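The values are calculated or read from the model by the stated rules, or taken from the named source; none is laboratory data. None of the values given here were measured: they were computed from a predicted structure. Note that we place each Cβ from the backbone using ideal geometry, even for glycine, and neighbour counts take in every protein chain shown. For the accessible areas, the whole protein counts, side chains as well, though only heavy atoms, and no ligand, DNA or RNA atoms are used. Shrake-Rupley method; radii C 1.70, N 1.55, O 1.52, S 1.80 Å.
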Amino acid sequence: MEESGTRKKRSWNLSESIGRFICISKEERAFYRFSSIMMSRERDFKLKVYPSLGMALVFPFIFLFNNLGYQSLSVISQGKSYLTIYFCNIIIGTVVYMLQFSGKYKGAWIFQTTPIHKHSAVYRATLKAFLVKLYLPILSVLSIVYIWIFSFRIIPDLIIVFLSAILLVLIAYRVFNNGKYPFTEPLESANQSGGNTGKMILLMVAVAFFVLVHFIVLAIPFGIYGYLLVLCIINIVGWKLVFK
């Protein structure tokens, strides 16, 4: 995927800076950067995935402002309609599934020739790159608008949405991963895997489950903070168990 010609090297890159912070080893950082480049430069992958990202950005606004037909914005801002932001998590299953595929899959021999010490670092770095490179910008844009509407009181709720997304990424990885490296399957295979429809629906149900739990804990005094702590613990333990 190397581009020809001279390019001016940027002195600072937010995605790579975050990658250095969240990746625990040099090996994982290398695959994080590799995955980020694949996601941003490969045309076929973007054609398959970016429409879903667009829907993740638009859907929450559609369901939020659908209430403006019978409620004013000031009334909406006092309620719990900010939970519509969970609609941006629906696409997580689709994108994690597509991380297996690439138009450049014939270059997958590089994984066999590279002296990889921890094979789990490859997919762990890829999932982190997806969260930082593709998901986090969408959630950030949505969060800015939602904070403008509902005020800073929803910041703990937005953190919970993000933690739920991280956990959902892990669940989607366990559902779809076939034991192979990312970007090693031809894109044509993605259209032939008809048995994954049920798995996609299952992951959408998982999003609905997170919404339901979030709605319930809102009725419990300080329940939101307890739920936030529980999600942090589950994520830490879950990622260690899955990629141990």
Inset, instruction - Give the Debye-formula value of log10 I(q)/I(0) at each listed q (0.11, 0.12, 0.13, 0.19 Å⁻¹), with one equal scatterer per alpha carbon of region 1-143, two decimals each. - result: -0.53, -0.61, -0.69, -1.18
Legend entry - Karplus 3J(HN,Hα) series, Hz, for region 94-99 with 6.51 cos²θ - 1.76 cosθ + 1.60 (x for Gly, Pro): 4, 5, 4, 4, 6, 5
Legend entry - Whole-percent carbon and sulfur share, accessible surface of the chain, 1.4 Å: 66
Inset, instruction - Run the quick spin-label model on L73 and I37: label points 7 Å from Cα toward the beta carbon, then report their separation in nm to one decimal. - result: 4.4
Legend entry - region 52-120: trypsin sites (Lys or Arg not before Pro) in DSSP loop, at most 14 other beta carbons within 10 Å: K80, K118
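Taking a threshold of 30 Å on the Cα-Cα distance, which of the pairs K104/K199; K26/K199; K80/K180; K104/K133 fall above it? Walk me through the numbers before you get to the answer.
Details: K104/K199 26 Å; K26/K199 34 Å; K80/K180 41 Å; K104/K133 20 Å.
Table pairs above 30 Å Cα-Cα are K26/K199; K80/K180.
Which whole DSSP H helices in the chain pass both tests: a Cα extent of 15 Å or more along the axis and a mean Kyte-Doolittle value no lower than -0.5? If you can, show how the numbers build up before the last one.
Values: long enough: 26-41 (22 Å, -0.78); 43-65 (33 Å, 1.06); 120-130 (16 Å, 0.45); 136-150 (20 Å, 2.35); 155-176 (31 Å, 2.35); 197-218 (32 Å, 2.40); 223-242 (28 Å, 1.81).
Span-like helices here: 43-65, 120-130, 136-150, 155-176, 197-218, 223-242.
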Inset, instruction - Could you order W109, W148 by accessible surface area, starting with the largest, using a probe radius of 1.4 Å? - result: W148, W109
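Taking a probe of 1.4 Å, how large is the accessible area per residue of the chain, in Å²?
Values: 13550 Å² over 244 residues.
Spelled out: the 1.4 Å probe surface of the chain, per residue, equals 56 Å².
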Inset, instruction - With only Lys, Arg, Asp and Glu charged, each at its Cβ (+1 for the first two, -1 for the last two), find how big the charge dipole of region 83-191 is about the Cα centre; round to the nearest 20 debye. - result: 300
